[in-house]
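None of the figures in this text is laboratory data; all of them are computed from the coordinates on show. Please read all numbers here as calculations on a predicted model, not as lab measurements. Ideal geometry is used to build each Cβ from the backbone, glycine not excepted, and the neighbour counts take in all protein chains shown.
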């Protein structure tokens, strides 16, 4: 029984990505479809890798980090190394999110202070002179 394959358009439609995105992932070595002339035929392995790429992007990982993660599965140290690297990258991403959360909190406090001063100034200049 022949392995099922998908065209670039089928994969793009199913995962709601552009053809250009899939070609870009191929250029980066993240996907490696079979070729028949200029036609690309994606296998189950490519689908799984695409799912991992898209999940990694949703989590905020760079394509470089995603490439390292998905490529480690096929190379030494294999799955264990892949999982250790992923855990390290998760900690890096969490630290980035903590910094962003702190920045947002400080910005909200700064905005509240500016708004309060603006309102106080409006109240001051809006009052009749004594």
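Of all the listed residues (124, 99, 116), the sole one being within 18 Å of the chain's Cα centre (by Cα) and either over 19 Å from residue 69 (Cα atoms) or loosely packed, with under 11 Cβ neighbours inside 10 Å (or both) is 99. In region 99-114 there is no residue matching the filter, namely being in a helix (DSSP H, G or I) and touching a residue at least 24 places away in the same chain (Cβ under 8 Å). Restricting attention to region 53-68, the residues being in contact (Cβ under 8 Å) with a residue 12 or more places away in the chain and farther than 14 Å from residue 31 by Cβ number 5.
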